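The values are calculated or read from the model by the stated rules, or taken from the named source; none is laboratory data. These numbers come from a predicted model, not from an experiment. Cβ placement follows ideal geometry from the backbone for every residue including glycine, while neighbour counts extend to all protein chains displayed.
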């Protein structure tokens, strides 16, 4: 156990070393993701502090889950969900996807209209933001989301194709790759 300050109230409390290691390994990526959505570093810090505080309180339960990373990411996204992403993030993703398509001559990626990326299902949207916008490797994305590198690659290919085939829709009925 190690001592840490609680996000709320600042009271010292003991947290397992495994939690502290998890927090240290993932805090920067969570902060960058939250900052991209909130456009404010102080607000992003507040969101991840609350998310990690919740995770610390339920760490034993989290460790009993089949996939700790997926559970932690879902908890983080619940905290972030109270703050809708700014319209500007869709344009940033579109620009990043366009740059990716230009670098890869075999890519059939058409980023579609700027709003299309924000209408993607959550897992595709997360992969796009983490890999394309925040430039995390496929391995890092898989670790953050609690999935495999192959699933990240599949989700990335599908997300890059989807705006061209489903522009501006939120219909996920055809989202199975």
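Of all the residues in the range 61-85, those that are farther than 18 Å from residue 143 by Cα, outside any loop (DSSP other than H, G, I, E, B) and free of Cβ contacts under 8 Å to residues at least 40 places away in the same chain number 4. Residue count for the range 142-153, restricted to those that are surrounded by 15 or more Cβ atoms within 10 Å (Cβ to Cβ) and either more than 16 Å from residue 68 (Cβ to Cβ) or in contact with a strand residue (DSSP E or B) (Cβ under 6 Å, 6 or more places away or on another chain) (or both): 3. Checked against the criteria, residue 123 does not count as at pLDDT 85 or above, surrounded by fewer than 15 Cβ atoms within 10 Å (Cβ to Cβ) and closer than 23 Å to residue 23 by Cα. Is it the case that residue 135 is out of contact with any strand residue (DSSP E or B) (no Cβ under 9 Å at 6 or more places or on another chain), on the phi > 0 side of the Ramachandran plot and modelled with pLDDT of 75 or more? Against the criterion (out of contact with any strand residue (DSSP E or B) (no Cβ under 9 Å at 6 or more places or on another chain), on the phi > 0 side of the Ramachandran plot and modelled with pLDDT of 75 or more), residue 135 qualifies.
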